[in-house]
Amino acid sequence: METLKKEKTASTKQSTKRISGAEAIIHCLLAEGVDLIYGYPGGAIMPLYDELYKFQDKLTHILTRHEQGATHAAQGYARVTGKVGVAVATSGPGATNLITGIADAQIDSTPMVCITGQVARHLLGSDAFQETDIIGISTPVTKWNCQVTKASEIPEVLAKAFYIAKSGRPGPVLVDITKNAQIDEFDFSYEHCKGVRSYNPYPKPDIKAIEEAANLINAAKKPFIVFGQGVILGEAEEQLKTLVEKAGIPAAWTILGLSAMDTDHPLNVGMVGMHGNYGPNLLTNECDVLIAIGMRFDDRVTGSLDTYAKQAKIIHFDIDPAEINKNVKADVAVLGDSKVTLDLLLPMIKTNTHESWHNEFKKKYKIEFDQIIKNDVYPTKDRLTMAEVIEEINIASGHKAIIVSDVGQHQMIACRYAKFKQTKSNVTSGGLGTMGFALPAAIGAKMGAMDREVVAIIGDGGYQMTIQELGTIFQNKTPVKIVVLNNDHLGMVRQWQELFFESRYASTVMVNPDFVKIAEGYHIESKRISERKDLKDTIKEMLASKDAYFLEVKVEKEDNVFPMIPSGASVSDIRLK
Amino acid sequence: MIEDWDKEMEKKWFTISVYSENSVGLLNRISGIFLKRHINIESLNVSKSEIDHVSKFTIVVYTTEDWVRNIVGQVEKQIEVIKAFYHTDEETIYQESALFKVASTLLFDERNIQNIIKDSNSQIVTVSRDFFVLAKTGRRNEIDDMYQQLKPYGIMQFVRSGRIAVTKSEMKISSLLKEFNQ
Ligand SMILES: Cc1ncc(C[n+]2csc(CCOP(=O)(O)OP(=O)(O)O)c2C)c(N)n1
Ligand SMILES: [Mg+2]
């Protein structure tokens, strides 16, 4: 133990010491403040695992049951902490199994560093056992990637990897390290990366643009804010709230922006997009100034671009210059970190209320409540709805839980109805829509926020894509709460088949196993309910449990999620049924 | 519905110039951006630039301005890319080079060949017993013309380089690099 401690201080002091590449990786991770990583061992990464064994008191390695699980866990961890998530895998199949999680992190701007083992330098290109061109394969889905073939390159490359993953618009980075580079010794010293000359992560804010934005906002009669994850990544939640309150602007969120602002805030008018709220979608086409903050006008948000907010002046705040004018042309583009630019904007903003404009949202909400929300959340039919389950969780958790959702109807319902007081509390796969995301992501989220309740909301389909991670939960005694909303269908696809393919349910009926028995097999406390009378108490029991808990709720099989903007339609054509 | 990618009328030739670090894998990263958008690269040239240790990609595409702007944004976003620009043909001075390998007998037997060489402003690079090689630099259509003229006589081998181009306006890379370095 004593010697280990010495080594730790040695590495942070940046003195030089002759060590193996594998040990150097550990010191780099420690120097970057990493104390938890996810991964799966194999031949080409064994030297690193041997060092992980030696350093287990400083650096916890969580063995997932599949490398995809390792990436999603790292993502869940990153999303709730704001820190870089780390996933490790061996070469070949281990590395290719990371790809889905990397692609997910890329499209959802999640900071992640993946380390893969690779065959030895002299074997590269020989089709050696478990050799795969992971640099080639991961290039289109990484922010940056790099192959290391010499031990001495490790510190600089890893320092750069962490810097790039976290800075500017965050994203995944993959570092592929050949086996010889892990084994060979060199004189180790570490220096944090402070910049890369060809990379400008924080564009300088342009005061002129900010002034123009302020003028537009101050003159607006019907201003409307749509905020995305950029607010969370830039930690600009306070600035957003101040702007909303000072200028009296109704604000709506994309699903990745959810939880950046209290869901109960009077000026929080709900979600935009395909299954978003009625008011914010319809009124997108009535506002006179649309203020987009840290969002990227995804097609699931805009519907048809030809009919999206054509009447409005568009102000676009974003850190990524490539997002400006990509989908929607901005009248004013404000480049930069959301916190910095909003801080500069706020003093120029005049106090306002826009009461009658805000009332438009309230009127639309009333319509949506009467036609949809009431039946979703307070149903009178026999079978349970997904929304009433979410509502019970809201009540029992006091809006304080982290909600991790998978992909499908239950995800849209969770995002529509979950309530949040605190930022970084909604973890979901937005851009890629990766089924199987939630269970492993919930593990990472819990480990990143041990003091908070973490509830995973998963469909019966997606659950079975990464169900093996129950093993990770069992082995690590991770107290996550798992709720499977079982409709015995690939519900979201079934909904589309019902609406657009004349109810031809091609391969969307699921014949499911006994989920409770499976959870019991992993020694996880579990329960199945199908009646309303059991809902409240079971949710309470689940949240009261100090351990992991699995709850299967049998819900109505053929419910649909509404409102809905059909794919390619205008936000104005949002359907209530 | 008319989608952007289908606006055949608005398509034009664009030359994309990319200044970058000289690193393994960057070509793959850049070409992937075109692949993802199903856009063909018409020509590609990679060389050193006016700045030490900075590479320059010259890429020619035939597409709409919206797409080329989108692509340049994504290219520039890559960590090792310093700056990317796009220009229309009118905004650049551009050339391509071609080599023609032709049987030596033609040089001596066919008088017309001599005229083609003279008229096309091409150079004889080498002459051997069996073949000679002509080099021609110019616009693509000039090279195409020469190709058509030589074709009836038999071309043993032909190759044309990617477009190389300089812009009429300035591309401020050195000052950008200085800014980054601060
Ligand atoms: C990996 C992956 N494969 C396929 C899809 C397409 N897809 C989107 S939602 C969905 C159905 C999900 O079913 P389930 O998990 O039961 O959730 P539900 O919609 O029933 O709530 C499918 C198949 C996807 N998003 N991800
Ligand atoms: Mg289902």
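Consider just the alpha-carbon atoms of chain B and return their Rg together with their Dmax, both in angstrom.
That works out to 19.8, 65 Å for Rg and Dmax.
Sort A:194, B:7 by heavy-atom solvent-accessible area, probe 1.4 angstrom, most to least.
Details: A:194 170, B:7 65 Å².
Accessible-area ranking of A:194, B:7, largest first: A:194, B:7.
Spelling out what I want: for every residue of region B:159-165, take phi, set θ = phi - 60°, compute 6.51 cos²θ - 1.76 cosθ + 1.60 (Karplus), and round to whole Hz; glycine and proline get x.
Coupling constants for region B:159-165: 8, 10, 7, x, 5, 10, 8 Hz.
Strictly over 25 Å apart at the Cα level, which of A:517/A:557; A:424/A:557; A:58/A:481 would you flag in this model? Present the calculation step by step, with values, prior to reporting the outcome.
Numbers: A:517/A:557 21 Å; A:424/A:557 31 Å; A:58/A:481 28 Å.
From the list (A:517/A:557; A:424/A:557; A:58/A:481), the Cα-Cα distance tops 25 Å for A:424/A:557; A:58/A:481.
In region A:158-205, which residues become less accessible by 50 Å² or more once every protein chain is in place, relative to the chain on its own, using a 1.4 Å probe?
In region A:158-205, residues shielded by partner chains: A:197, A:198.
Grab the Cα-Cα distance for residue A:502 and residue A:219, subtract it from 0.36 nm times how many residues apart they are, and report the gain in nm with one decimal. Don't skip to the answer; put the middle values down first.
On the way: separation 283, 0.36 × 283 = 101.88 nm, distance 4.83 nm.
My answer for the length gained is 97.1 nm.
Against the empirical 2.2 N^0.38 Å scaling, what ratio does the C-alpha Rg of region A:73-116 come to?
Values: Rg = 10.1 Å, N = 44, 2.2 N^0.38 = 9.3 Å.
Region A:73-116 yields a ratio of 1.09.
Sort B:72-84, A:227-239, A:45-57 by packing, meaning the average of other beta carbons within 10 Å per residue, with the highest value first.
Numbers: B:72-84: 21.2, A:227-239: 24.2, A:45-57: 17.8.
Final packing ranking: A:227-239, B:72-84, A:45-57.
So which of A:419/A:527; A:362/A:400; B:56/B:168; B:12/B:36; B:83/B:178 end up more than 22 Å apart, counting from Cα to Cα? Don't skip to the end; give the middle numbers.
On the way: A:419/A:527 24 Å; A:362/A:400 25 Å; B:56/B:168 16 Å; B:12/B:36 20 Å; B:83/B:178 13 Å.
Result: A:419/A:527; A:362/A:400 exceed 22 Å.
In degrees between 0 and 90, to the nearest 10, how far off the longest principal axis of chain A does helix A:67-81 point, with axes built from Cα atoms?
60 degrees
Per-residue Cβ counts within 10 Å, from other chains only, averaged over A:301-308: what number is that? Show your work: numbers first, answer last.
Values: counts 0, 0, 0, 1, 2, 3, 0, 0.
Mean shielding by partner chains, rounded to a whole number: 1.
Helix A:154-166 sits at what angle to the longest principal axis of chain A, using alpha carbons and giving 0 to 90 degrees rounded to 10?
In chain A, helix A:154-166 runs at an angle near 10 degrees to the longest axis.
Taking the Cα centre of region B:17-68 as the origin and placing charges on Cβ (Lys, Arg +1; Asp, Glu -1), which of B:59, B:33, B:19 is farthest toward the positive end of the dipole?
Selected residue: B:33.
If the convex hull of the alpha-carbon atoms of region A:207-361 is projected onto planes in all directions, what is the mean projected area in square nanometres? Numbers along the way, then the final one.
On the way: hull surface 30.1 nm².
Computing the convex hull of the Cα atoms and averaging its projections yields 7.5 nm².
Just which residues of region B:51-100 lose 40 Å² or more accessible area with every protein chain there, against their chain alone, with the probe set to 1.4 Å?
Listed in order, they are B:77, B:79, B:80.
Put simply, what bits of region B:4-50 lose 30 Å² or more of accessible area when the other protein chains are there, versus the chain on its own (1.4 Å probe)?
B:21, B:28, B:29
Could you give P(r) for region B:2-92, binned at 5 Å from zero, as whole percent values over all Cα-Cα pairs?
3, 14, 27, 26, 17, 9, 4, 1, 0, 0
With unit charges on the beta carbons (Lys and Arg positive, Asp and Glu negative) and the dipole taken about the Cα centre of the protein assembly as shown, which residue among A:407, A:209, A:120 sits farthest to the positive side?
Among A:407, A:209, A:120, the one farthest towards the positive end of the dipole of the protein assembly as shown is A:209.
What is the set of long-range amide H partners of residue A:90 at a cut-off below 5 Å, with H atoms built 1.01 Å from backbone N?
Those qualifying (amide H under 5 Å, at least 5 residues apart or on another chain) are A:40, A:95, A:117.
What is the ratio of the Cα radius of gyration of the protein assembly as shown to 2.2 N^0.38 Å, where N is its residue count, to two decimals?
1.07
Hey, if you drop one equal point scatterer on each alpha-carbon of region A:475-530 and run the Debye formula without solvent, what base-10 log of I(q)/I(0) do you get at q = 0.22, 0.25, 0.26, 0.31 Å⁻¹?
-0.86, -0.98, -1.02, -1.24
Along its three principal axes, how long is region A:2-188 when you only count alpha carbons? Whole Å, largest extent first please.
Principal-axis extents of the Cα atoms in region A:2-188, largest first: 42, 41, 29 Å.
Give me the summed buried accessible area for the B-A pair, 1.4 Å probe, to the nearest 100 Å².
1700 Å²
Does region A:465-573 classify as rounded, prolate or oblate by the C-alpha gyration tensor (a ≥ b ≥ c root eigenvalues; a/c under 1.5 gives rounded; else a/b over b/c gives prolate, otherwise oblate)?
On the way: a/c = 2.25, a/b = 1.98, b/c = 1.13.
The shape class here is prolate.
In whole percent, how big is the carbon plus sulfur part of the accessible area of region B:93-160, probe 1.4 Å, protein atoms only? Please report the intermediate quantities before stating the final value.
Working: 1980 of 4320 Å².
Heavy-atom surface of region B:93-160 belonging to carbon and sulfur, 1.4 Å probe: 46 percent.
With charges set only on the Cβ (+1 for Lys and Arg, -1 for Asp and Glu), what does the dipole of region A:382-533 come to about its Cα centre, in debye to the nearest 20? Please report the intermediate quantities before stating the final value.
On the way: 17 positive and 16 negative charges, 92 e Å.
Using only the charged Cβ atoms, the result is roughly 440 debye.
Evaluate the distance, in nm, between pseudo-label points positioned 7 Å from the Cα of residue B:37 and of residue B:65 along their respective Cα→Cβ axes.
Here the modelled spin labels are 1.5 nm apart.
Along the charge dipole of chain A, pointing to its positive end and built from +1/-1 on Cβ of Lys, Arg, Asp and Glu, which listed residue (A:553, A:49, A:257) has its Cα farthest out?
A:257
Return the long-range amide H neighbours of residue B:156 (sequence gap of 5 or more, or a different chain), with a cut-off of under 5 Å between placed amide H atoms.
Close amide H contacts, sequence-distant or interchain: B:101, B:102, B:103.
Bin width 10 Å, alpha-carbon pairs only: give the P(r) of region B:93-160 as whole percents, running from 0 to the bin holding the largest distance.
Bin by bin from 0 Å, the calculated values are 21, 62, 16, 2.
So with the 1.4 Å probe, I'd like the accessible area per residue for chain A, rounded to whole Å².
Working: 21820 Å² over 577 residues.
I get 38 Å² per residue for chain A.
Give me the Kirkwood hydrodynamic radius of region A:24-110 in Å, from all C-alpha pairs, to one decimal place?
Details: mean 1/r = 0.0769 Å⁻¹.
It is 13.0 Å.
What full-extension length gain, to one decimal in nm, is calculated for residue A:245 and residue A:122 as 0.36 nm per residue of separation minus the Cα-Cα distance? Show your work: numbers first, answer last.
On the way: separation 123, 0.36 × 123 = 44.28 nm, distance 6.23 nm.
Roughly 38.0 nm would be gained on extension.
Going 7 Å from the Cα of residue A:577 along its beta-carbon direction, which residues of region A:361-380 have the amide nitrogen within less than 12 Å of the resulting point?
A:371-372, by backbone N distance to the label point.
Per the 1.4 Å probe, what fraction of the accessible area of region A:207-361, in percent, lies on carbon and sulfur atoms? Walk me through the numbers on the way to the answer.
On the way: 2650 of 5300 Å².
That share works out to 50 percent.
Keeping all protein chains in place, calculate the accessible area per residue for region B:93-160 (probe 1.4 angstrom), answer in Å². Show your work: numbers first, answer last.
Working: 4320 Å² over 68 residues.
On a per-residue basis, 63 Å².
Let me understand region A:398-518 better: what is its radius of gyration from the alpha carbons, and its Dmax, in angstrom?
Over region A:398-518's Cα set, Rg and Dmax evaluate to 14.8, 48 Å.
Excluding residues on the same chain fewer than 8 positions from residue A:179, give the aspartates and glutamates whose Cα lies under 12 Å from its Cα.
A:131
On C-alpha positions alone, give me the angle between the axis of helix A:438-448 and the longest principal axis of chain A, in degrees, nearest 10.
Once rounded, one gets 70 degrees.
Rounded to the nearest percent, how much of the accessible area of region B:2-92 (1.4 Å probe, protein heavy atoms only) is carbon and sulfur?
Values: 2380 of 4600 Å².
Taking all protein chains in place, region B:2-92 shows 52 percent carbon and sulfur surface.
What pairs in A:204/A:241; A:313/B:77; A:83/A:221; A:150/A:204; A:83/B:172; A:363/A:540 have C-alpha atoms more than 32 Å from each other? Don't skip to the answer; put the middle values down first.
On the way: A:204/A:241 23 Å; A:313/B:77 26 Å; A:83/A:221 40 Å; A:150/A:204 37 Å; A:83/B:172 36 Å; A:363/A:540 34 Å.
Over 32 Å apart, Cα to Cα: A:83/A:221; A:150/A:204; A:83/B:172; A:363/A:540.
Among A:241-252, B:162-173, what's the highest-first ranking by average C-beta atoms within 10 angstrom per residue?
Working: A:241-252: 20.8, B:162-173: 15.1.
Descending mean neighbour count gives A:241-252, B:162-173.
Using the crude model of +1 on Lys and Arg Cβ and -1 on Asp and Glu Cβ, and no other charge, please compute the dipole size for chain A relative to its Cα centre, in debye to 20. Please report the intermediate quantities before stating the final value.
Details: 64 positive and 71 negative charges, 175 e Å.
Value, rounded to 20: 840 debye.
Which distance in nm do the two modelled labels at residue A:149 and residue B:95 give, with both placed 7 Å along the Cα-to-Cβ direction?
Taking the two extended label points, one gets 3.5 nm.
The values are calculated or read from the model by the stated rules, or taken from the named source; none is laboratory data. Fair warning: this is a prediction, and the values are worked out from it, not measured in the lab. Positions of Cβ are generated from backbone atoms using ideal geometry, with glycine treated the same way; all protein chains shown enter the neighbour counts. In case anyone asks, the SASA skips ligands and DNA or RNA and just uses the protein heavy atoms, side chains included. Shrake-Rupley method; radii C 1.70, N 1.55, O 1.52, S 1.80 Å.
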